[in-house]
Amino acid sequence: MNDRMTTPWGELALARFPEDPRDRLRAWDAADEYLLRHLREVPLSGTVVVLGDRWGALVTALAAHGPTQITDSYLGQEATRANLARNGVGTGMVRLLTTQDPPPGRIDVLLVRVPKSLALLEDQLLRLAPAVHEGTVVVGTGMVKEIHTSTLKLFERILGPTRTSLAEKKARLIFCAPRASAQPLPNPWPYRYALPEGIGAVSGRTVVNHAGVFCADRLDIGTRFFLGHLPDSKGARRVVDLGCGNGVVGTAVALADPEAEVLFVDESFQAVASAEATYRANGVPGHAEFRVGDALTGVPDGSVDLVLNNPPFHSHQATTDATARRMFADARRALRPGGELWVIGNRHLGYHVTLRRLFGNSRLVAGDPKFVVLKAVKR
């Protein structure tokens, strides 16, 4: 959806990435608008850093100040590039960094779009804290339902005294006054834990989770169910763990069949870093590739034997099946004839309907009251 956002500096044409005419979700919300209205009265000078800008609306509006964007999302970063171009702003005006890149050495203005994951906020504030000084302007923004007491306590513990604004259009601002530089606090991320016994090839193995990856401190029940019903991948030369998260599914395949070539793909920089760390931590003797990207973009048609997929059904706070549809369609394109897509999903999401429409078939492999494992074969 390409739409126009009114800012104190004029209108901007903005869209999410990739653009989908069926997607009616905007590339900004009331929290972005509230922050930009507030910044009209704030002198922005020095190094401006924008953390968690979801689709590039904030840095596009602030491009004249040469901001640095830090994001965990490949799709968000690509949206930013497209939105800058859409509004006639050269990409050289904005510095694009990921959550895995070294942060700037000094930050004079820190703007934070509060993420869904408190762990990701903790990790990023701890990484940025050494660059913040007493004169740094720190302002956060989010919808009321995204800002909790724990959010404010995190700002206060890591940076300094924190307060919130009144709500406007169900959005709030967070104001933080940084303390003088002190001894840096230890960062608990990434987090490592051992998997329980009884889950096949990865029983007792190590998982490494960077902050922000789903279910960071334990194995989630959906993945555990999937691990108990994975296909026998022997003979599948090229396997994809699509939406790999911490990579435990692809690692299980690689441990069970060292001859398989496993491609780990996710749009989250934190997730792909986690998948690689998990794979390396277990000394897997196979062949692996780790890629941050949009589904299977760049993977040649008919080049894959097996795709394993646990698709997300949220885009930030919004529920949507757009990502799952794109993943399934890309999997069909990348699979060779006879290749298989295996999907784990919540039973109520009805993925079997989408798979039948795309593949012409869908079979229930396993199910319980909450989850189903489905298989679709490319004819």
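The values are calculated or read from the model by the stated rules, or taken from the named source; none is laboratory data. Note that the structure is predicted; figures quoted are calculated from it, not measured. Please note: Cβ atoms are built from the backbone with ideal geometry, for glycine as well, and neighbour counts cover all protein chains shown. SASA here: full protein model, heavy atoms, side chains in, ligands and nucleic acids out. Shrake-Rupley method; radii C 1.70, N 1.55, O 1.52, S 1.80 Å.
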Pick out the one residue from V144, V139, V132 that is within 18 Å of A61 (Cβ to Cβ) and of a type outside the set (S, T, Y). V139
Are any residues in the range 104-126 more than 18 Å from the chain's Cα centre (by Cα) and open to solvent by 40 Å² or more (accessible area, probe 1.4 Å), and if so, which ones? G105, R106
Among strands (runs of 3 or more DSSP E) lying entirely in the range 1-63, which contain 2 or more residues that are modelled with pLDDT of 90 or more and exposed (fewer than 14 other Cβ atoms within 10 Å of the Cβ)? 3-7, 10-14
Let me confirm something: among G360, G367, which residue is within 15 Å of R224 (Cα to Cα) and free of Cβ contacts under 8 Å to residues at least 60 places away in the same chain? G367
Going by the structure shown, is R280 open to solvent by 40 Å² or more (accessible area, probe 1.4 Å) and assigned to a helix (DSSP H, G or I)? yes
Name every residue in the range 248-261 that is assigned to a helix (DSSP H, G or I) and either touching a residue at least 40 places away in the same chain (Cβ under 8 Å) or open to solvent by 20 Å² or more (accessible area, probe 1.4 Å) (or both), in order of residue number. V248, V249, G250, T251, A252, V253, L255, A256
Taking the conditions exactly as written (in contact (Cβ under 8 Å) with a residue 60 or more places away in the chain and not polar (S, T, N, Q)), does K153 satisfy them or not? no
Within 30 Å of R26 (Cα to Cα), among the aliphatic types (A, V, I, L, M) and out of contact with any helix residue (DSSP H, G or I) (no Cβ under 9 Å at 6 or more places or on another chain): which single residue out of A334, A324, A329 fits that description? A334
Taking into account only those residues within the range 139-187 that are closer than 24 Å to S274 by Cβ and surrounded by 12 or more Cβ atoms within 10 Å (Cβ to Cβ), which is farthest from the chain's Cα centre (by Cα)? L185
Qualifying residue in the range 72-92 (condition: open to solvent by 50 Å² or more (accessible area, probe 1.4 Å), over 29 Å from A119 (Cα atoms) and assigned to a loop (DSSP other than H, G, I, E, B)): yes
Would you check if there is a residue in the range 262-271 being open to solvent by less than 70 Å² (accessible area, probe 1.4 Å), assigned to a loop (DSSP other than H, G, I, E, B) and over 30 Å from E33 (Cβ atoms)? no
Hits in the range 323-371 (condition: over 27 Å from Y74 (Cβ atoms), of a type in the set (K, R) and modelled with pLDDT of 95 or more): R356, R363
How about the range 240-255: which of its residues are farther than 11 Å from N309 by Cα and β-branched (V, I, T)? V248, T251, V253
Reported set for the range 194-212 where residues are of a type in the set (G, A, S), at negative phi and surrounded by 14 or more Cβ atoms within 10 Å (Cβ to Cβ) is A201, S203, A211
Working only within the range 213-267, note down all residues that are modelled with pLDDT of 95 or more and at positive phi. G243, G245, G247
Show the residue pairs meeting these rules: Cβ distance below 8 Å; 6+ apart or different chains; first residue within the range 25-43 and free of Cβ contacts under 8 Å to residues at least 40 places away in the same chain; second residue crowded, with 22+ Cβ neighbours inside 10 Å and assigned to a helix (DSSP H, G or I). W28/A57; L36/L58; L36/A61
Hand me the list of strands (runs of 3 or more DSSP E) wholly inside the range 140-247 holding 3 or more residues that are in contact with a Leu (Cβ under 9 Å, 6 or more places away or on another chain), of a type outside the set (G, A, S) and under 21 Å from G52 (Cα atoms). 162-164, 171-176
